[in-house]
Amino acid sequence: MNNFIDYKLIELGQWTVGLFNDYPVVQILVHLLLATLPLTLVFMGAFGFSTWLERKGLARIQNRLGPNRVGIFGLLQPLADGIKMLLKEDIVPDRSDKLFHFLAPVMLMVPAFIAVGFLPLGDGLMALPMDSAILFFFAVGSLNTIAVFMAGWSSRNKYSLLGGMRAVAQMISYEIPLVLSAVAVIMFSGSLNAQEIVASQQIQSWLASGNLVKEFFGQILGWHIFKPWGFAGFIFFFVAALAEANRSPFDLPEADSEIIAGHLTEYSGFKYAIFFMAEYISAFAIAGIATTLFLGGWSGPVIAGLPWFIIKMFSLFAVMIWIRGTLPRLRVDQLMGYAWKFLLPLAILNIFVAGFYYFAEQQFGSLAAFIGGWVIGFGILQTAAKGLSRLNKSPTLDGKRVYQLVE
Amino acid sequence: MTVAFYIMAAIAVLGAVMAIALRNVVHAVFSVLLFFSALAGLFILLLAEFIAVVQVLVYIGSVGILMLFAIMLTTKVTGDPTRKLLSRGWAWGGLVSGALLLAFLVPLITQSKSESNSQLSNFNPSVKDLGLTLMDPYFASVGVIALLLTAGLIAAVVAASSASGE
Amino acid sequence: MSLIAKGILQGMAVTAKNFIQSYYKKERLPTVEYPEEKSTVNQFTRNIPFLVYDGEDEIEGMRCTACKLCEKACPPQCIYIIKDTDENDKPIKRPKVFDIDSSVCMSCQLCVEVCPFESIRMDSEFELSNENRFEGLLINRDELLKSNEYYHEIHPIEAQETDDRIAAKIAEAETKKKAREEKARLAAEAKQAAAAMKAAEEAAAETETSATEQAQQSEAKAEAPEDNPETKNT
Amino acid sequence: MEITLNHYLILSAVLFTIGLIGALTRRHIIIMLVCLEIMLNAANLNLIAFWHFGPNPILLHGPLFTLFTIAIAATEAALGLALVLAIYRHFKTVDLEQVQDLKE
């Protein structure tokens, strides 16, 4: 195992805490700060960097250059934006609910940062090492629904309210497939502990063998995404995660062309920036949990630990940007229909496939289960998906399209 | 622990009182969400981690949102100052409740048993244990609950949609 | 693949191609970084009118005759013209003031359509922003005057057409002038001949007339311009 | 002072009474549902407290029972709010005092 970076970080932390052995109260404080402060700072920095990344990526996808004025390659653009946001006037609508209007951004940011605390960043690197971390993550993730509703309701603006209602409906709908596709992994790993889930994605017998090649592949081939139910589950999870994080193509709550940024309509200045930050950080968090559940977490060849986790998380975020640059926004009825009529049944079916795969692995060995799983299990999922999409097909899409206003 | 308990208890009582006292319905629902989260904190203090998660997930994440949705779909949210807050005979209700509280509190205070239980000091109930217990001796109950949930869900759909069909 | 729709993958492939090729292919990244490098303007771009002059000197070569047709044609009425005068307050065919309010101009090109002297033309200049939003946007005559070479530079085809048209006009005018001169010459010759004949007759008659009569005739000639101006003109 | 079972029981009794007061005195239908939830939660707190301080916490009876209660409470909330919608559509009011007719 080559995750020496994690061990060094943990050693550093323990050394720092050890400095205050004589003052137990201070020690607790230092411990708390060590667990939270680096995470907060790093993720805030990552937020800045990712706004830059997103603008650059989107620009390149649209044959533009993107920000390139402030700093080299425009890298200081987030800083400039932040200063601009900070200095802007904070406008609060006259008849709004002042308290809730103020509380909503805070309510959105706090769960986002708590959710980040449940990510297993490395071997033993976890801010909130809880036994049921995954479940806590989903529980905390469901809190931002409330914040979005607060923002929408307290602004006293019909667009805000519409956006808030849309957000709530969407988040409730997509949380179910999200959790259900994670259930397959939790079943397979037999634990809600994030570290154990990561450990279940390493082939332990290969890692212990001492053979370099086996050690190399033992860190990769065990990832759940290479299993049929894991692959399908990853896709369901990722789609639902896009909706959960209000990312395009599911960014209906803040659809700027329809309802003028929805619940953000009445927000300006730093409150808006906080909304933005919370959204990005929850997108990171959900990308991180997808990494943990399906992409092997921090496990990876050569430099296992924190570097691999960061690489995987940012790759997933890059895919989110890529999707944003490609796909158009869904309609509301399409969105709800997709969650309830397509994603939910498939996610439930996927749980059964995962269960059968688990027993097949025990009965017939892992190779036979692997091949059989991809042939039979994935076949079942595909057939189901085909059948469902045929069932869900809108009747107007059959046959030739008729345009009313043409001719 | 003591401080945490008192803080949580204060938040819980405050949330509950605000929930029944506020005129604005949305404010009331948000304060009951505060009450729910304080209760989740109390569950964590009592080492029932899983229950705390479920509390957050079910009550704050779903029930609260359902209530907010119901408010949005039914009534004007701002407190209408002309509307009556209390029902007819509210005094009787208050009286009965107060009497009940006394009935609860009197035995609690008189038969105080203040020694604490030390059995849990080395015991950390894991989710796995809970799951295994749930699946082995209580499997029938889980099945019944699942059936009940499904029935309730269908009933809710029917109740909400048949009215709109009128 | 039914799980992932084919269309989504195709779309993703297109955007990925855009993304990657934008780093090494010019046509995938047509952006010009404006203040440092300017994009080449199409020669049919038109934005704001300017006045053409021929030759070296701005004032002498000015084509504009201050006929005020463009001022009348301008829909938003952004052109303002005052005719120039010489030292004797006698109007001359040249504008003293020719202002265009570029904040009002809507680039309709009607002034260009209406100009009989091919003087006012559209410019492709687009950097009109100014710090002073009142006087700064009012473009006066000297700023508007640009040489014919500049016109050729920005709109070569159009300028060539204009030049050809002007040349044709001048040539036509030349021929007309020539014809007129010829006619005038012929007329003058005829007149001369007639005058010569008359003179001969008069010379014959003069011998008979007295010196007093001669003085009367010269008085009548002095009065003639007032009575009959046409005679003077010819 | 160490926190004992009694603290939790008193807290739970107070919360339950608050819920009861609300349910008996308010006339808004959604507030009444909220009060029901408060009472259920107070009962849950009781269950967990008894489990925590009880003789045999290893058996996990308290959390199990609470899980069932929460499931039932969730069903109750969903059904109750569906009924609220139905009543609102029928009577056009959320005031329970005005909902008096059984027929029609």
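The values are calculated or read from the model by the stated rules, or taken from the named source; none is laboratory data. Just so we're clear, the structure is a prediction, and the values are computed from it rather than from any experiment. Reconstructed Cβ throughout: ideal geometry from the backbone, glycine too, with neighbour counts over all protein chains shown. To get the accessible areas, we keep the full protein, side chains included, count just its heavy atoms, and leave off ligands, DNA and RNA. Shrake-Rupley method; radii C 1.70, N 1.55, O 1.52, S 1.80 Å.
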So with the 1.4 Å probe, I'd like the accessible area per residue for the protein assembly as shown, rounded to whole Å².
53
What accessible area, in Å² to the nearest ten, does a 1.4 Å probe give for A:M109?
40
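When a/c reaches 1.5 or more, the comparison of a/b and b/c decides; with that in mind, is the protein assembly as shown rounded, prolate or oblate per its Cα gyration tensor?
Prolate.
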Neighbour net charge for D:P57 - beta-carbon separation under 15 angstrom, K R +1, D E -1
-2
Once you put a point 7 Å from the Cα of D:R89 and another 7 Å from the Cα of C:K177, both along the Cβ direction, what distance in nm separates them?
9.3
Violating pairs (Cα-Cα greater than 29 angstrom) within the set A:K214/A:K312; A:K8/A:K214; A:K271/C:K17; C:K90/C:K191
A:K271/C:K17; C:K90/C:K191
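Give the calculated FRET efficiency between D:Q100 and A:V70 to the nearest 0.05, with a Förster radius of 51 Å applied to their Cβ-Cβ distance. Walk me through the intermediate numbers first.
On the way: r = 68 Å, r/R0 = 1.33.
Efficiency at R0 = 51 Å is approximately 0.15.
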Which log10 I(q)/I(0) values does the range C:155-198 give at q = 0.14, 0.21, 0.26 Å⁻¹ under the Debye formula, counting every alpha carbon as one identical point scatterer?
-0.51, -0.70, -0.81
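Enter the buried accessible area of the A/C pair, total of both sides, probe 1.4 Å, in Å² rounded to the nearest 100.
It comes to approximately 1800 Å² buried between A and C.
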For the range C:1-108, what does the convex hull of the Cα positions come to per residue, in cubic angstrom?
208
To the nearest 10 degrees, how steep is helix D:61-91 against the longest Cα principal axis of chain D, on a 0 to 90 scale?
10
Ranked by how many other beta carbons lie within 10 Å on average, peptides D:81-88, B:137-144, C:77-84 from highest
D:81-88, C:77-84, B:137-144
Summing -39500 (n - 2.57) over every DSSP H run of at least 4 in chain A, dividing by its residue total and rounding to the nearest 500, the 222 nm mean residue ellipticity is -22000 deg cm²/dmol
When the accessible area of the range A:238-280 is split by element with a 1.4 Å probe, what percent falls to carbon and sulfur?
60
A convex hull over the alpha carbons of chain C yields, per residue, a volume in Å³ of 246
Cα centroids of the range A:351-375 and the range A:186-231: how far apart, whole angstrom?
15
Taking the Cα of C:A16, stepping 7 Å toward and past its beta carbon, and measuring to each backbone N in the range A:213-246: which are under 13 Å?
none
Honestly chain A on the Cα gyration tensor test (a ≥ b ≥ c root eigenvalues; a/c under 1.5 rounded, otherwise a/b vs b/c for prolate or oblate) is just oblate
Accessible area of the range D:5-98 with a 1.4 Å probe: how many percent of it is carbon plus sulfur?
76
Cα centre as origin, Lys/Arg/Asp/Glu Cβ charges: the protein assembly as shown dipole, Debye
4440
When you count, for each residue, the other Cβ atoms within 10 Å and take the mean per peptide, how do C:136-144, A:176-184 rank with the highest first?
A:176-184, C:136-144
Average beta carbon contacts from partner chains per residue of D:52-59, 10 Å cutoff
5
Roughly how crowded by other chains is peptide D:85-95, in terms of the mean Cβ count from those chains within 10 Å of each of its Cβ atoms?
5
Any idea how far apart C:E56 and D:N56 come out in nm if each label point goes 7 Å out from Cα toward Cβ?
11.8
Compute the long axis of helix D:29-53 from its Cα atoms, compare it with the longest principal axis of the Cα atoms of chain D, and write down the angle in degrees, 0 to 90, nearest 10.
10
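Work out the mean other chain Cβ neighbour count within 10 Å for the residues of B:2-13 and drop it here as an integer.
Mean shielding by partner chains, rounded to a whole number: 3.
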At a 1.4 Å probe, what is the % contribution of carbon and sulfur to the accessible area of the range B:1-78?
79
Which order do the peptides C:7-15, C:183-191, D:36-44, A:306-314 come out in when sorted by mean C-beta neighbours inside 10 angstrom, highest first?
D:36-44, A:306-314, C:7-15, C:183-191
Yeah, the range A:276-399 with a ≥ b ≥ c from its alpha-carbon gyration tensor (a/c under 1.5 is rounded, else prolate when a/b outruns b/c, oblate otherwise) is oblate
Reach of C:K169 by Cα under 14 Å, taken over aspartates and glutamates that are not fewer than 8 positions away in the same chain:
C:E118, C:E161
Could you calculate the contour length gain from A:L41 to A:L212, that is, 0.36 nm times the residue separation minus the distance between their Cα atoms, to one decimal place in nm?
57.9 nm
Using the Karplus curve 6.51 cos²θ - 1.76 cosθ + 1.60 with θ = phi - 60°, work out ³J(HN,Hα) for each residue of the range A:194-205 in order, rounded to whole Hz, and write x for Gly and Pro.
4, 5, 5, 5, 5, 4, 5, 9, 10, 7, 4, 5
Would you please give the residues with an amide H less than 5 Å from that of C:F50, counting only those at least 5 places away or on a separate chain, with H modeled from the backbone geometry?
C:R121, C:M122, C:D123
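Helix by helix, which DSSP H runs in chain A go 18 Å or more along their axis at the Cα atoms and have an average Kyte-Doolittle hydropathy of 1.0 or more?
Span-like helices, by this rule, are A:24-61, A:98-117, A:158-189, A:228-244, A:269-294, A:306-326, A:344-364.
Give me the Kirkwood hydrodynamic radius of the range B:1-78 in Å, from all C-alpha pairs, to one decimal place?
For the range B:1-78, inverting the mean 1/r across all distinct Cα pairs yields 12.9 Å.
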In whole angstrom, the spacing between the Cα centers of the range C:41-60 and the range A:33-67 equals 49
Starting from the amide H of A:L125, placed 1.01 Å from N in the peptide plane, find each other amide H under 5 Å away whose residue is 5 or more places distant or on another chain.
none
Taking all pairs of distinct alpha-carbon atoms in the range D:5-98, Kirkwood radius in angstrom
14.6
Are there residues in the range A:122-166 whose accessible area shrinks by at least 50 Å² when all protein chains are included rather than the chain by itself, and which are they (probe 1.4 Å, ligands and nucleic acids not counted)?
A:D131, A:L135, A:F136, A:A139, A:I146, A:F149, A:W153, A:M165
Chain pair B, D: total accessible area buried, heavy atoms, 1.4 Å probe, Å²
7000
So for the pair C:E113, B:N24, with labels modelled 7 Å out along Cα→Cβ, what separation do we get in nm?
6.1
With a Förster radius of 35 Å, plug the Cβ-Cβ distance of C:K90 and C:S147 into 1/(1 + (r/R0)^6) and report the FRET value to the nearest 0.05.
0.80
